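Working notes for the structure below.
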Amino acid sequence: MTNFLQQCFNGLVSGSFYGLLALGLAVIFGMLGVVNFAHGAFYMLGAFGAYVLLTEAGINFWLALVLVPVALALLGTLVERFGVRWLTGLDPLYNFLLTFGITLVLQDLVKREYGVASQPYPRPDALKGTVDLGLFEYPTYQVFAFAVSVGLCLAVWLLLTRTRIGLIVRAATERPELTGALGVDVRRWVTPVFAFGVALAGLAGVLAAPMRAVNPLMGADMVIAVFAVVVIGGLGSIFGSVLAGYAVGLLQALGQLYVPELAQILTFVLMAVVLLWRPSGLFGREEARA
Amino acid sequence: MRKTAVLVAGALLLSGCVGGPPKAGGKVSGDKIVLGVLNDQSGIYADLSGKNSVEAVRMAVEDFKAKYGAKAVTRNIEVVTADHQNKSDVAGSKAQELYDRNGADVILDVPQSASALAVAKVAKDKKKLYFNITAATTELTGKQCNRYTFHYAYDTYMLANGTGTAVTRQGAKNWYVVYPDYAFGQDMQKSFTTAVEKAGGKVGVKDPTPFPNDNFSTFLLKAQNMDPRPDVLGTMQAGGDLVNLVKQYNEFGLRDKGIKLSVGLMFLTDIHSLGPDAFAGTTFTDAWYWNFDARNREFADRFLKRTDTRPTFAHAANYSAALQYLEAAQRAGTDASDDVVKTLEGHSFEDVFARGGKVRAEDHRVIHDAYLAEVKPKSAVTEAWDYERILRTIPAAEAFRPVNESGCTFS
């Protein structure tokens with residue numbers, strides 16, 4: 001029983017990363033109608049950002065946790081202003097090409113500079129060792145990553161449901177034209193939302209650095225699963241995407257435990273089943289956005 | 001009088017070193033030998049082999065020219081290179097291109113087993129030489145062997161035989177093996193199971209893992225909750241997955257819980273990426289180590305000057321294979337494939353990479369000493385890249401799969 005609970009917790013830790021990434025993807029898609037294929041590359045940049053700050057400037061994990069998302073928000077702003085914005089209203093394929101292209105460029109730039117081998121990143125001293133969770137011991141760092149992820153997801157949820165900004169963003173997501181007609185400048189919110197989504201990916205990257213391999217391909221490996229997560233949760237549904245993130249993490253952990261041979265495809269089986277049963281995802285709206 | 005004696009003695013010595021003139025001159029096609037290096041130059045194997053392997057091959061060409069001077073079978077030696085992107089179809093077509101368009105006499109390196117086997121087929125069809133260095137599959141010298149293909153540095157049998165046997169004999173009888181669920185991982189798992197059982201241990205549980213995978217917690221937790229608890233966790237992961245697994249192995253503190261870590265395939269670059277402390281005490285099999293003795297070190301110093309990094313065993317093996325190919329062409333006095341193959345088969349040699357080296361005529365496995373190595377803790381590391389302690393030299397004759405088990409018939 002303890003073993004089972006431990007494995008469930010494992011899955012939730014994995015899911016924390018899916019959740020954070022899916023959250024960013026979902027807000028971006030909701031507001032802009034753009035599937036950001038560069039999300040994995042931004043996650044990778046987040047991890048590398050932490051690594052570079054530590055090795056070049058001696059800046060520790062805690063500061064990186066703040067600085068890197070800010071830097072990525074700036075990068076996101078640039079990408080939105082000078083790239084994504086120009087393609088609104090065109091076939092979604094153009095934005096797919098743009099963001100996918102950005103992925104390739106970022107990956108190769110990092111490869112050029114740091115090679116393909118993984119870079120070392122130590123755990124912060126305060127989070128070394130294990131912590132007693134009552135039923136079992138668990139590595140402190142992973143508990144921390146889980147807590148940060150849950151905290152952030154809750155904060156974003158509160159922001160969206162309890163504040164005026166959230167109200168505008170939600171309204172703009174649902175009916176951009178109508179919101180505009182009510183006198184809200186929808187376009188003003190597009191850039192900040194995009195930047196925010198990118199910053200979340202960067203934050204997930206910093207969180208991943210101490211426990212995962214930091215290399216140029218880490219995002220590419222991750223993003224496939226995250227797209228499956230977003231499809232399961234329902235494109236554009238913020239709540240659904242986050243929930244699906246944790247659910248997929250859980251499914252993978254239990255899959256690896258009980259049917260290791262099938263663990264790899266379980267996520268995609270779930271995706272296929274969900275698509276057959278509810279084509280717009282578990283929490284997606286019935287109508288698809290153009 | 002004395003002066004003349006010294007001169008004569010010197011001349012004799014020199015001629016002894018040089019090994020006399022080639023048997024026949026002018027038989028080199030196009031009066032040029034072309035060495036083709038086909039490998040991964042931007043993907044996961046780019047650091048452990050990649051462009052620096054091309055540099056190692058260039059070093060071999062320079063050394064060969066310096067050694068033979070005007071007596072070389074040809075002074076006109078070219079190194080060409082291509083990136084196969086770890087895709088077997090690309091590898092196959094690039095190999096054809098290298099042989100046909102670039103006039104390559106031999107192809108070197110080719111990491112990734114599926115690509116390696118694709119190139120072996122091309123070599124067989126074109127009747128051109130092929131030295132595989134960075135791929136692990138024993139198929140190259142097994143059922144899919146051919147007259148023109150040689151397997152140079154290592155293979156799954158050698159890794160499993162070295163590590164599995166040694167770690168089991170050290171007292172870790174009960175193994176838990178995790179392996180990535182694709183050809184290399186499955187091969188390694190089988191080889192390890194065989195080696196462990198032969199040494200009197202057992203593989204209690206073996207689990208395939210998704211590939212690629214960034215969370216191994218499930219398997220690590222499973223290991224610590226097993227009854228009886230395994231003595232050692234054998235991981236067949238490579239590259240980024242290996243780094244993920246080891247980071248998490250340390251986080252869960254399995255070493256303190258009495259579960260040792262044993263790694264199937266590890267390159268110097270892997271230790272470098274996590275730092276030695278993450279792997280400290282891990283036993284593994286290495287084909288070559290740069291700081292093993294003065295001779296290796298001298299090569300590593302030259303390599304460092306040109307590339308800014310220390311050589312992995314793949315780099316050294318590329319150097320050695322290029323050199324041995326050129327030496328064989330020198331002995332044969334030609335670059336005609338069949339003649340070169342003939343002088344290679346059964347040939348015994350010794351160079352900076354291959355100690356006790358021999359090209360087995362029966363299956364074209366190039367055998368040489370292998371090394372059982374242990375990762376040093378950071379406190380014992382005295383200079384950059386100096387991560388390994390060599391525990392034992394595994395003599396060439398024991399290190400590789402016996403000929404009678406290979407199943408190679410050259411048909």
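Just so you know, all these numbers are worked out from the coordinates, no wet-lab data involved. This structure is a prediction, so every number in the text was calculated from the model and none was measured. Positions of Cβ are generated from backbone atoms using ideal geometry, with glycine treated the same way; all protein chains shown enter the neighbour counts.
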Taking the alpha-carbon centre of each part, the distance from the range B:238-275 to the range A:239-285 in Å is 29
For residue A:128, the aspartates and glutamates lying under 19 Å Cα to Cα, once residues fewer than eight places off in the same chain are dropped, come out as A:137, B:251, B:256, B:277
Note on the range B:184-293: contact order normalised by length, alpha-carbon pairs under 8 Å, 6 or more apart, percent, works out to 23
Dimensionless Rg/Rh of the range A:23-153, both radii on Cα and Rh by Kirkwood, sits at 1.04
Volume per residue (Å³) of the convex hull spanned by the alpha carbons of the protein assembly as shown is 181
Of the listed links B:173/B:378; B:71/B:128; B:126/B:305; B:124/B:206, those spanning more than 26 angstrom between alpha carbons are B:173/B:378; B:126/B:305; B:124/B:206
Kirkwood Rh over alpha-carbon pairs of chain B plugged into Stokes-Einstein at 10 °C, 1.306 mPa s gives a D in µm²/s of 72
For the range A:165-290, using Cα atoms only, the Rg and Dmax in Å read 17.3, 56
Candidate cut points under trypsin sites (Lys or Arg not before Pro) in the range B:177-271, DSSP loop plus at most 16 other Cβ atoms within 10 Å of their own Cβ, are B:255, B:257
For the range A:68-225, the charge dipole (Cβ of Lys, Arg +1; Cβ of Asp, Glu -1; about the Cα centre) points to a positive end, and the Cα of A:134, A:101, A:209 closest to that extreme belongs to A:101
Taking every residue of B:273-280, the Cβ atoms of other protein chains inside 10 Å of its Cβ average out to 3
With a 21 Å threshold on alpha-carbon distance, the violating pairs from B:32/B:65; B:143/B:198; B:51/B:358 are B:143/B:198; B:51/B:358
Relative contact order of chain A (C-alpha contacts under 8 Å, at least 6 apart) in percent is 38
For the range A:216-259, the percent of all C-alpha pairs falling in each 5 Å bin, from 0 up to the bin holding the max distance, is 6, 24, 23, 21, 18, 7, 1
Placing one equal point scatterer on each C-alpha of the range B:211-322 and summing with Debye, one gets log10 I(q)/I(0) at q = 0.14 Å⁻¹ equal to -0.64
Semi-axes of chain A from the Cα gyration tensor (sqrt of 5 times each eigenvalue, largest first, whole Å) come to 29, 24, 19
Magnitude of the Cβ-charge dipole (Lys and Arg +1, Asp and Glu -1) of the protein assembly as shown about the Cα centre, nearest 20 debye, reported as 640
Computed over the range B:272-411, the convex hull of the Cα set has an average projected area, in nm², of 10.1
hull vol. (C-alpha, convex hull) per residue for the range B:253-305, Å³ -> 95
The extension gain from residue A:113 to residue A:164, computed as 0.36 nm times the residue separation minus the Cα-Cα distance, is 14.0 nm
Note: the range A:76-158, point scatterers on Cα, Debye, no solvent; log10 I/I(0) at q = 0.24 Å⁻¹ equals -1.04
In Å, the C-alpha Rg and Dmax of the range B:86-196 are 16.1, 55
Nearest-0.05 FRET efficiency for residue B:32 and residue B:404 at R0 = 60 Å, using Cβ-Cβ distance, is 0.90
One computes Rg over Rh for the range B:157-210 from alpha-carbon atoms, with the Kirkwood Rh, and obtains 0.96
Residue B:336 and residue A:143 label points (each 7 Å along its Cα→Cβ direction) are spaced in nm at 7.6
Here, residue A:175 and residue B:307, labelled 7 Å along Cα→Cβ, have an inter-label distance in nm of 6.5
Computed ³J(HN,Hα) along the range B:340-349: with the Karplus parameters 6.51/-1.76/1.60, θ = phi - 60°, integer Hz and x for glycine or proline, the list is 5, 4, 4, 6, 7, 4, x, 6, 9, 7
Sites removed, the longest contiguous part of chain A containing no DSSP-loop GluC sites (Glu not before Pro) with at most 14 other Cβ within 10 Å is A:1-260
Rounded to 0.05, the calculated FRET efficiency for the beta carbons of residue B:380 and residue A:126 at R₀ = 22 Å is 0.20
Applied in sequence order to the range A:66-82, the curve 6.51 cos²θ - 1.76 cosθ + 1.60 (Karplus, θ = phi - 60°) yields integer Hz couplings, x standing for Gly and Pro, of 9, 5, 5, x, 5, 4, 6, 4, 4, 4, x, 4, 4, 4, 5, 4, 9
Toy charge model, Lys and Arg Cβ at +1, Asp and Glu Cβ at -1: the range B:262-360 dipole around Cα centroid in debye, rounded to 20, equals 140
Inter-part gap, Cα centre of the range B:179-208 to Cα centre of the range A:73-130, in whole angstrom, is 38
Simple spin-label estimate for residue A:261/residue B:197, 7 Å along Cα→Cβ, in nm, reads 1.8
To the nearest 10 degrees, the tilt of helix B:88-100 (Cα long axis) against the first principal axis of the alpha carbons of chain B is 10
